[in-house]
Amino acid sequence: MKIRISGKTKWLTICAWFFILTLFTSQGSYATCIKIEYWNFKDGRQNPIIVNDPNFLGYFIPKANERFTVGDTDYIFVADPNHPNGARFAAGKHNGIDIIGWVEKVDSYCRIHLFTQDTFKVRPTRTGTIRSVDNRNDGSVSISHTNLNYYDIYGHINPEDGLSVGNSVQSSTSLGVIHTDDPNAFVHLHYGETNENGKFIDPMTHMTRGTRCLVPEPSSLLLVGFGLAGLAWLRKKKLYKKL
């Protein structure tokens, strides 16, 4: 390509080169992209948190010290002795998973949303019988299958009124809404499972994983937009042409 520059068009030329530079640097960050994992239940289990969005891809369950962006805010899920694997299962330490948000499909990209207090309803992953109910805010419900040692637990919820031990629950039964009292924690559902011997297992062995790139940062898109506008103006004035 050839570029001829007049004094009056220096700033537009800068825009054009800004576009080229942005495009080049964005290849490093977005050609490989920032991959986000999303998860859905399988093996006869339904997703427990109801998200009424047609572009729902799956749940967000971050790894230890995983950095991620929601809107204009950057977060990190910090590992600690009780959560050495982040929001994920750690035998003898964290007997379940913490589902802190969900992933939305945005064209060929994705966007993370965090759960909010007392907004999202929780239902059983499977039919069963109520084993226990903690009716406090930030309470819990457990549901047994076959025997009392074989159960699922739903923690950090505000249980529905009327749930009682021994009641049967179906896939459509509302267990309550997500409610997390700890101001330093993400609002989340703690979900745990045991096997028939009462031993906690990793729920993610009964989930499917997908990956998708996060939506590019707005700042990068803005720079590309300015650069494209500059190139269009230069070409219109015949100060830029292809050979």
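Computed from the coordinates by the stated procedures, all read-outs in this text should not be read as laboratory data. Note that the coordinates shown come from a computational prediction; the quantities given were computed from them, not determined experimentally. Note that we place each Cβ from the backbone using ideal geometry, even for glycine, and neighbour counts take in every protein chain shown.
Odds and ends about this structure:
- In the condition set (1) within 20 Å of ILE99 (Cβ to Cβ); (2) without any contact (Cβ under 8 Å) to a residue 40 or more places away in the chain; (3) not polar (S, T, N, Q), HIS179 is compliant with all but (2).
- 3 or more residues in contact (Cβ under 8 Å) with a residue 40 or more places away in the chain and either surrounded by 14 or more Cβ atoms within 10 Å (Cβ to Cβ) or among the charged types (D, E, K, R) (or both): qualifying strands (runs of 3 or more DSSP E) within region 79-162: 97-99, 101-106, 109-114, 147-159
- Residues in region 99-157 that are more than 22 Å from the chain's Cα centre (by Cα) and polar (S, T, N, Q): THR127, THR129, SER132, ASN135, ASN137, SER140, SER142, SER144, THR146, ASN147, ASN149.
- Some residue of region 115-123 being in contact with a Ser or Thr (Cβ under 7 Å, 6 or more places away or on another chain) and of a type in the set (Ser, Thr, Tyr): no
- Which numbered condition SER171 fails, given (1) touching a residue at least 40 places away in the same chain (Cβ under 8 Å); (2) touching a strand residue (DSSP E or B) at 6+ places or on another chain (Cβ under 7 Å): (2)
- Any chance ASN52 is assigned to a loop (DSSP other than H, G, I, E, B) and under 18 Å from VAL106 (Cβ atoms): yes
- Among the candidates VAL165, VAL177, residue that is in contact with a strand residue (DSSP E or B) (Cβ under 8 Å, 6 or more places away or on another chain), in a loop (DSSP other than H, G, I, E, B) and not hydroxyl-bearing (Ser, Thr, Tyr): VAL165
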